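Worksheet: one structure, shown below.
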Amino acid sequence: MIGGYSFEDSKFNRATQAVRQVGSSFKVYVYGRRAGKRRDGPFDTIVDLPFTTISGGQPYSPRNYDEKFEGTITLRRALAGSRNVPAVKLAEKLALAPS
């Protein structure tokens, strides 16, 4: 179990006590599936900019946690930064891509 850098510095156990949004845990699978299907590498790029899509018949505009957009970034940066907008764009592409 890995929960932080030093228990001496902080008694807060990030592995068991931190509250994390469920979506963050799924991003790894979205990026991994994209890489497997398309043979993309970590240094291929995706655009992290505002956009609106339709979800459940309603307009949906995903936002990043920090409310900022980074423009064109690598898939590695998108995953490392847990960027929501690129993850939604990838998930859309995967849903439309043939198996």
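Each reported figure results from applying straightforward, stated rules to the coordinates on display, with no laboratory input. Values in this document were obtained by computation on a predicted structure and should not be read as measured data. Counting neighbours? That spans all protein chains shown, and the Cβs are built from the backbone with ideal geometry, glycine included.
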- Would you pick out the residues in segment 50-99 that are touching a helix residue (DSSP H, G or I) at 6+ places or on another chain (Cβ under 8 Å) and of a type in the set (Lys, Arg)? 63, 83, 93
- Message: Just the residues that are in a strand (DSSP E or B) and in contact (Cβ under 8 Å) with a residue 12 or more places away in the chain, please, taken from segment 38-59.
- Response: 45, 46, 47, 48, 53
- Restricting attention to segment 54-91, the residues that are within 19 Å of residue 29 (Cβ to Cβ), loosely packed, with under 14 Cβ neighbours inside 10 Å and either in contact with a strand residue (DSSP E or B) (Cβ under 8 Å, 6 or more places away or on another chain) or not hydroxyl-bearing (Ser, Thr, Tyr) (or both) number exactly 1
